[in-house]
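Asks: Handing you this structure, nothing more for now.
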Amino acid sequence: MSTPGVLTFTQQAWEQVLAKVKRAVVYLDVACAESLHWGCGSSRLLEAVGNSACYLREFEPAAVGGGAEQPKAVFVLSCLLKGRTVETLRDIICRSHFQYCVVVTAVNHAVHLTANHVPPAAAAELEGQQPVFEQLEEKLCEWMGNMNYTAEVLHVPLLLACAAPHLALTPAFAFLFPLLPQDVHILNRARSDKRRLGNLAEVDATTLTPELLLTIRCLVSGLSSLCEHLGVREECFAVGSLSRIIAADLANFAPAKNRRKTATGRASVVFVDRTLDLTGAVGHHGDNLVEKILSVLPQLPGHTNDVMVNMVELTALQAEEENQNMVAPGCLAQSNDPAAKALWEALLNTKHKEAVMEVRRHLVEAASRENLPIKMSMGKVTPGQLTSYIHLFKNNLKALGNHCGLLQLGLATVQTLKHPQTAKWDNFLAFERLLLQSIGESTMSVVLNQLLPMIKPSNQRTNDDYSPEELLVLLIYIYSVSGEFSVDKDLGEGEEKVKKALAQVFCEESELSPLLQKITG
């Protein structure tokens, strides 16, 4: 048996789901789809369904229902079974011909009791019972049109998307963001003058909105399940206001208290507010290939942590823009390909130069195993060299199938190395180093004046100049590394000049990116 870890936690959770899906129409929400994508892949789900006419559908209000020849449905959901989620379930089932419905939720029944305003004392008396799930089972039968049909509602902790054995992500909570100083004003709207909060340090669980508190409790439910799988009694540490609240909620979560009594191992859990280290998120000092791949390649639709890899190179189509969407994109997650997984983990843990050499080594070894006519070349690895190795697989369908995962990672590397944004990486790094020197020697107003000439409208920009989004990244970097500084007249004037220049750039853009549209409203 494997040693318990984040990977086995996710795999065992999905095995429980796969045991329910035989000959079913399967509806997944986007967070569970992402967990499946990294954990065991959609092919594993298709195998478990075991039906040539297998249907995987996104869980959404407009989702197609099941026909007369589709009597079974499985819904795999990352959220609470409440509100709009239950309405969507009802709408899909009512326009279908289901006779057997299974609803899997990633959220513990104890959290459903909290969401339904059951007091903690009453919830404690219901230990071992699941009245919320049982009530929904009755509703499912009612919506199917026959109380003798079969309905199941169960909790499976589908919290994580495992990108590697020691790196797990939580796609269902990608939107959960630490509180900012201006959020204190929003929280104060619901409080009397005497009970107003002065700053973030005064924020605790009792001051949060019910919606945010429930979101935190859903996260805590998943983390408690992970600790149970690992067999550990956790000790929590927190840095930041929201992290402090999450750590306290995990410490006080009733199922977690019971679990700790029998846990044999120990673990330290450190929660950190991302806003306390924005330089790590926006800086360019990381010498890692994966960081660059995630920065420059387009995001895979519906995913928060994977990218689209253009696969046209491996087809007979011309690599022109109109052909880009004719072939399904590749991606980074290769959960069912051991060789590709090994390469991916190596890319995560090595520096850029070694990572590119590792890609070459894997391609050369794969080509040699397939007896492809490879020409060895030593020295610096170039995008052209990697492309020539990848093209060897192009007309060999068997070799292409055997090494599809590896080729996707190879193409991701080539497309990243060729991307104009990658060439800018060193420019960013040089400017960030210059900023660090300037901040140590100059005032903030001087630093902003250095940035001002770089803010150019689209008709004056070259490929080497910074786009509006890149300028915002640089501003975040500047203010994050500066820490606290005194506000004076010069700083006020400098900030106004930067604001004015940025406003002009935004107004003169022919089309704003989705991110800028979101920021500007």
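Asks: Quick check on the chain: of the DSSP beta bridges with both residues there, what percent are antiparallel, nearest 5%?
Replies: On the way: 5 of 33 bridges.
The antiparallel proportion sits near 15 percent.
Asks: Rounded to two decimals, what is Rg over Rh for the chain when you use alpha-carbon atoms and the Kirkwood radius?
Replies: 0.99
Asks: Would you be so kind as to identify which of 350, 325, 409 lies farthest towards the positive end of the dipole of segment 289-418, taking Lys and Arg as +1 and Asp and Glu as -1 on Cβ and the Cα centre as origin?
Replies: The Cα lying farthest towards the positive end belongs to 350.
Asks: Students sometimes get this wrong: rank 426, 287 by accessible area, probe 1.4 Å, all chains present, largest first.
Replies: Largest accessible area first, the residues go 426, 287.
Asks: A further question follows. How big is the dipole moment of segment 363-460 about its Cα centre under a simple scheme where the beta carbon of each Lys and Arg is +1, that of each Asp and Glu is -1, and everything else is neutral? Debye, nearest 20, please.
Replies: About 380 debye.
Asks: Once the dipole of segment 337-488 is set up with Lys and Arg at +1 and Asp and Glu at -1 on Cβ about the Cα centre, which of 467, 485, 439 lies farthest towards its positive end?
Replies: 467
Asks: Another question about this same structure. So if I average 1/r over every pair of distinct C-alpha atoms in segment 1-100 and take the inverse, what Kirkwood radius in Å does that give?
Replies: 14.2
Asks: How high is the FRET efficiency between residue 441 and residue 148 when r is their beta carbon distance and R₀ equals 60 Å, given to the nearest 0.05?
Replies: 0.15
Asks: Distance check, please: which entries in 292/500; 194/257; 456/518; 292/456 exceed 29 angstrom between their Cα atoms?
Replies: Over 29 Å Cα-Cα: 292/500; 194/257.
Asks: Also, quick follow-up: Leaving out ligands and nucleic acids, note down the accessible area per residue over segment 156-227 with a 1.4 angstrom probe, in whole Å².
Replies: 51
Asks: A further question on this structure: What FRET efficiency would be calculated for the residue pair residue 262, residue 122, taking the C-beta separation as r and a Förster radius of 30 Å, to the nearest 0.05?
Replies: After rounding to 0.05, the efficiency reads 0.75.
Asks: Something else: Please list log₁₀ I(q)/I(0) at q = 0.12, 0.17, 0.18 Å⁻¹ for segment 289-418, using the Debye equation with identical point scatterers on the alpha-carbon positions.
Replies: -0.42, -0.88, -1.00
Asks: Sticking with this structure for a sec: In segment 376-464, how does Rg compare with the Kirkwood Rh, expressed as the Rg/Rh ratio over alpha carbon atoms?
Replies: Across segment 376-464, the Cα-based Rg/Rh ratio is 1.23.
Asks: Work out from phi, with θ = phi - 60° and the Karplus expression 6.51 cos²θ - 1.76 cosθ + 1.60, the ³J(HN,Hα) of each residue of segment 440-453, listed in order in whole Hz, and give x for Gly and Pro.
Replies: x, 10, 10, 7, 4, 5, 5, 4, 5, 5, 5, 6, 3, x
Asks: With +1 on each Lys and Arg Cβ and -1 on each Asp and Glu Cβ, how big is the dipole of the chain about its Cα centre, in debye rounded to the nearest 20?
Replies: Here the size comes out at about 900 debye.
Asks: Based on DSSP H runs of at least 4 residues, each adding -39500 (n - 2.57), what is the mean residue ellipticity at 222 nm of the chain after dividing by all its residues, to the nearest 500 deg cm²/dmol?
Replies: For the chain, the value works out to -15500 deg cm²/dmol.
Asks: Which far-off residues, 5 or more places away or on another chain, put their amide H under 5 Å from the one on residue 236, with H placed in the peptide plane?
Replies: Excluding prolines and chain starts, which carry no amide H, the hits are 269.
Asks: Kindly report the accessible area of segment 289-418 per residue (heavy atoms of protein chains, probe 1.4 Å, no ligands, DNA or RNA), in Å².
Replies: 50
Asks: Please sort by residue number the chymotrypsin sites (Phe, Trp or Tyr not before Pro) in segment 395-495 whose DSSP state is loop and whose Cβ has at most 15 other Cβ atoms within 10 Å.
Replies: 485
Asks: So how strong a dipole does segment 79-173 carry about its Cα centre when Lys and Arg Cβ are +1 and Asp and Glu Cβ are -1, to the nearest 20 debye?
Replies: 340
Asks: Scan around residue 272 for amide H atoms under 5 Å from its own, H built in the peptide plane at 1.01 Å from N, and keep only partners 5 or more places away or cross-chain.
Replies: It is 239, by chain and number.
Asks: Okay, moving on. Give me the lysines in straight-line cross-link reach of residue 20: C-alpha distance below 21 Å, same-chain residues under 8 apart excluded.
Replies: 72, 139
Asks: Simple spin-label model, 7 Å along Cα-to-Cβ: residue 252 to residue 364 in nm?
Replies: Rounded to a tenth, the inter-label distance reads 6.0 nm.
Asks: With unit charges on the beta carbon (Lys/Arg positive, Asp/Glu negative), name the residue among 163, 504, 289 whose Cα is farthest towards the positive pole of the charge dipole of the chain.
Replies: The residue sitting farthest along the positive end of the dipole is 163.
Asks: Summing +1 for each Lys or Arg and -1 for each Asp or Glu, what net charge is found among the other residues whose Cβ lies under 13 Å from the Cβ of residue 384?
Replies: Net charge in that neighbourhood comes out at +3.
Asks: For segment 363-438 and segment 106-176, what is the centre-to-centre distance using only Cα atoms, to the nearest Å?
Replies: Distance between centres, Cα-based: 44 Å.
Asks: How much length would be gained if the chain were fully extended between residue 129 and residue 430, taking 0.36 nm per residue of separation minus their Cα-Cα distance, in nm to one decimal?
Replies: Fully extending the segment from residue 129 to residue 430 adds 102.3 nm.
Asks: Additional query: Mind ranking 499-510, 388-399 by how tightly packed they are, going by the mean number of other C-beta atoms within 10 angstrom, highest first?
Replies: The packing order, highest mean first, is 388-399, 499-510.
Asks: Straight-line reach only, C-alpha to C-alpha below 16 angstrom: list the lysines that residue 380 could link to, leaving out same-chain residues fewer than 8 apart.
Replies: Within reach: 351, 353, 418.
Asks: Scan segment 300-371 for trypsin sites (Lys or Arg not before Pro) in coil per DSSP, keeping those whose Cβ has at most 14 other Cβ atoms within 10 Å, and list them by number. Each step should come with its number before you reach the end.
Replies: Numbers: sites: 341, 351, 353, 360, 361, 369; in loops: 351.
Those that pass, being in a loop and sparsely packed, are 351.
Asks: Now, a different point. For segment 428-520, what is the per residue volume of the convex hull drawn over the alpha-carbon atoms, in cubic angstrom?
Replies: Cα convex hull per residue, to the nearest whole number: 103 Å³.
Asks: First compute the accessible area of segment 6-161 with a 1.4 Å probe, then give the percent of it belonging to carbon and sulfur atoms.
Replies: 50
Asks: With no solvent and one equal point scatterer placed on each C-alpha of segment 175-280, evaluate the Debye formula and give log10 I(q)/I(0) for q = 0.15, 0.16 Å⁻¹, two decimals.
Replies: -0.68, -0.75
Asks: Starting from the Cα of residue 278, step 7 Å toward the Cβ, then list every residue of segment 446-476 with an amide N under 19 Å from that point.
Replies: 446-452, 455, 467-476
The values are calculated or read from the model by the stated rules, or taken from the named source; none is laboratory data. The shown structure was predicted, so the numbers you read here are calculated from the model rather than taken from an experiment. As a convention, Cβ positions derive from the backbone with ideal geometry for all residues, glycine included, and neighbour counts pool all protein chains shown. Calculation scope for accessible area: heavy atoms of the full protein, side chains included, ligands and nucleic acids excluded. Shrake-Rupley method; radii C 1.70, N 1.55, O 1.52, S 1.80 Å.
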